[in-house]
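Below: one structure, written as structure tokens.
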Amino acid sequence: MNTHQKFLFALLIAALLCAPALASLPDANRMEEIGQRAAYTALSELQFSKGDPGVMVLTNAGRAVVNGQTTERAISGITKISGLQNGDSTLWTVNRAEWKPLWFYFYNKYTGKGLFLEPDTAVYTMSKAEFSQVSFDDTFSTRALVIGDLLKIIADSDVGNQTRDALGGESNSIISITNAWAHGAPYDLMAAAMLHNHLCPGLLGGYFPIKYVEKVLPIENSAQSYTYITTSTSCKEDAYPVLWDMTPGKGGAIVHSLSENETAALKEEYGSSPRGIFVRWDSRAKSGTGIVFGSVTQASTAENNVPEWAAKPYRVVMSMATIDKPELSVSTLKTFTIDQETLSELKSAANPYSVIANL
Ligand SMILES: [Zn+2]
């Protein structure tokens, strides 16, 4: 190899090393374009006009990390083209683990149809030039037009099976959230469902007591705040971080498990099983007012012909008509006033109910 050949060889190596950069690899604009393509596809498949309040999109964009790239720009792409946006309660980003695949689900509540899209993973890494050659159809490896209306799904088991097959592992989450939304789920409940990642009767078991105590013991000045004590951890707990900023990292709800004997004794004492304790504490007055709350046994809505998998989302949908009436499902079993010392005792006691027994 003479000097000239050596120079050419070095140049060739340099060009090869730089090749990926020269081919212009995808950047955040790729995600925005994927979101735009999803929105265009939905507009045509579900036949709605830009910003239609009867259509919502649910997605894990912003949460999913694909091929090392975050996915939030897909949300901008969707809004730009479809007009669907969170401020109108028509765009919701649901909590999912970062390693889960990215997906979009558009739902038209007037037609009851939904469109589930999952991008082909190849589009995350291809060059700009390659991506421009991919048709909108080929952008998505999953593209399923389904009947998403829960009542229609329940009425026809074939339809139900098709929809659940098409939505796969996202089925329960998507069906419960979008149907509750279509039946009027308020913004704060939707926000709690985004953290919880589905909307179940259990989450309402947190939402209703919150709304109930906000009615019967409202916060009236900046010195007041709530303390919440419960004896079990379940879906209901996920309403508190969102509605009251009561997060585990900042102390959160106070949970003390009770023995079977203690639980049975409480049922006897209160006439029904208490569900928890709320205290509205006033840091200026150094005193609080509290309630022990229970649940009202409701006449169960007819659930004949509702398949087992649909029973919970069905109950949620039926609850939406009275979502602003928490008193239909929550009751006060006892009211008490409390001083600072007793409040500290209440917070740390193994059985909190024993602390307030004589108040
Ligand atoms: Zn749940």
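The values are calculated or read from the model by the stated rules, or taken from the named source; none is laboratory data. All figures in this text were calculated on a predicted structure; none of them were measured in a lab. Note: ideal-geometry Cβ built from the backbone for every residue, glycine included; neighbour counts use all protein chains shown.
General remarks:
- Test: I254 is farther than 23 Å from L150 by Cβ, of a type in the set (V, I, T) and modelled with pLDDT of 95 or more: no
- Those residues of the stretch 208-228 which are away from the ligand (no atom under 16 Å from the Cβ) and in contact with a helix residue (DSSP H, G or I) (Cβ under 6 Å, 6 or more places away or on another chain), in sequence order: K211, Y212
- Looking across the stretch 156-168, just one residue is under 16 Å from P313 (Cα atoms), touching a residue at least 12 places away in the same chain (Cβ under 8 Å) and more than 23 Å from the chain's Cα centre (by Cα), and that is S157.
- Counting residues in the stretch 121-135 that are in the same structural domain as I34 (by TED's automatic domain parsing), closer than 30 Å to M318 by Cα, modelled with pLDDT of 95 or more and surrounded by 14 or more Cβ atoms within 10 Å (Cβ to Cβ) gives zero.
- When the criteria are applied in full, G148 fails the requirement of being farther than 30 Å from A285 by Cβ, away from the ligand (no atom under 16 Å from the Cβ), loosely packed, with under 15 Cβ neighbours inside 10 Å and under 21 Å from the mean Cα position of the chain (by Cα).
- Residue in the stretch 88-106 that is of a type in the set (A, V, I, L, M), farther than 17 Å from Y187 by Cα and either at pLDDT below 95 or touching a strand residue (DSSP E or B) at 6+ places or on another chain (Cβ under 8 Å) (or both) present: yes
- Reported count of residues in the stretch 172-181, each being within 13 Å of the ligand (Cβ to nearest atom) and either assigned to a loop (DSSP other than H, G, I, E, B) or buried (at least 24 other Cβ atoms within 10 Å of the Cβ) (or both), is 3.
- Selection over the stretch 276-285 of residues that are in contact with a Ser or Thr (Cβ under 6 Å, 6 or more places away or on another chain) and surrounded by fewer than 18 Cβ atoms within 10 Å (Cβ to Cβ) gives a count of 0.
- The numbered conditions (1) over 17 Å from S176 (Cα atoms); (2) touching a His at 6+ places or on another chain (Cβ under 7 Å) are all true for L346 except (2).
- The residues on offer are G184, G169, G205, and the sole one that is under 23 Å from V330 (Cβ atoms), out of contact with any Phe, Trp or Tyr (no Cβ under 9 Å at 6 or more places or on another chain), away from the ligand (no atom under 14 Å from the Cβ) and not charged (D, E, K, R) is G184.
- Checking each residue in the stretch 117-139 for being in a helix (DSSP H, G or I) and closer than 17 Å to L102 by Cα picks out T121, A122, V123, Y124, F136, D137, D138, T139.
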